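K.L.:
Could you have a look at this structure, given as structure tokens, before my questions?
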Amino acid sequence: MTEIPLIGVLALQGAFDVHAKRLAELGATTCLVRKPEDLNSLDALVIPGGESTTFLKHLERAGFYSALDTFVRTKPVFGTCAGCILLAKEVTNPPQRSFAVLDIAVERNAYGRQNDSVILHADTTLPGGPMEMVFIRSPRISRLGTNVEALAHRNGDPVLVRQGRSLAATFHPELSDDRRVHQLFLDIVRENS
């Protein structure tokens, strides 16, 4: 890997452009991923929020799901909201297909409808004190595997988790001015170079 990592952001829906901007502000080179072949030269990938079943429909075209499944098993990956759902080992409310690379169970839309969205400040194990967290129709992590580390919580439920080179948040760190979650992912990418 080059000294400056090339991090792709899946650009099928969600605030993919904001994720790319946040990572670029921290010194990464970013590119938007819209086709399976866009994965070939990447050091890592962000799967943004959106609607997870819609993501799956887009990915099932042209062999994209298979290419992405291989990628997330071998490279660093960061999923936010719907991206967290797609990385989870178990998905409920209702059940759906996922890559199952992160040993967690998630319950879709567990915090309510769109009008139940909220911005909270909560403690985290990351240096720097409480973190602003933007929750929009967010999933709830209902189970952590033994090798999964919870880095932040909402009312006792994990909302930011890491397992090896995989990172996931049930909130939208790209919608906050706080860059710590994206910096953590960049650090994970560099650790795995």
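K.L.:
For Asp17, all conditions in the list (1) surrounded by fewer than 17 Cβ atoms within 10 Å (Cβ to Cβ); (2) more than 15 Å from the chain's Cα centre (by Cα) hold save one; what is the number of the exception?
P.N.:
Status for Asp17: all satisfied but (2).
K.L.:
Leu23 is checked against (1) at pLDDT 95 or above; (2) more than 18 Å from Ala169 (Cβ to Cβ) and fails just one. What number does that condition carry?
P.N.:
Just one mismatch for Leu23, condition (2).
K.L.:
Identify the residue in the stretch 123-137 that is among the β-branched types (Val, Ile, Thr) and assigned to a loop (DSSP other than H, G, I, E, B) and, among all such residues, is modelled with the highest pLDDT.
P.N.:
Going through the qualifying residues, I end up with Thr125.
K.L.:
Show me the strands (runs of 3 or more DSSP E) found entirely inside the stretch 1-101 where at least 3 residues are farther than 20 Å from Val148 by Cα and in contact with a Leu (Cβ under 9 Å, 6 or more places away or on another chain).
P.N.:
The strands (runs of 3 or more DSSP E) meeting that bar are 6-10, 29-33.
K.L.:
I would also like to ask the following. Report, by residue number, each residue of the stretch 138-189 that is aromatic (Phe, Trp, Tyr) and assigned to a helix (DSSP H, G or I).
P.N.:
Result: Phe185, single match.
K.L.:
If Asn109 passes every condition in (1) in a strand (DSSP E or B); (2) surrounded by fewer than 19 Cβ atoms within 10 Å (Cβ to Cβ); (3) touching a residue at least 24 places away in the same chain (Cβ under 8 Å) but one, which one does it miss?
P.N.:
Of everything listed in (1) in a strand (DSSP E or B); (2) surrounded by fewer than 19 Cβ atoms within 10 Å (Cβ to Cβ); (3) touching a residue at least 24 places away in the same chain (Cβ under 8 Å), Asn109 misses just condition (1).
K.L.:
Within the stretch 38-91, how many residues turn out to be of a type in the set (Asp, Glu) and either buried (at least 24 other Cβ atoms within 10 Å of the Cβ) or within 20 Å of Leu23 (Cβ to Cβ) (or both)?
P.N.:
2
The values are calculated or read from the model by the stated rules, or taken from the named source; none is laboratory data. Bear in mind that the values here come from a model prediction, so they are computed numbers and not experimental data. As a convention, Cβ positions derive from the backbone with ideal geometry for all residues, glycine included, and neighbour counts pool all protein chains shown.
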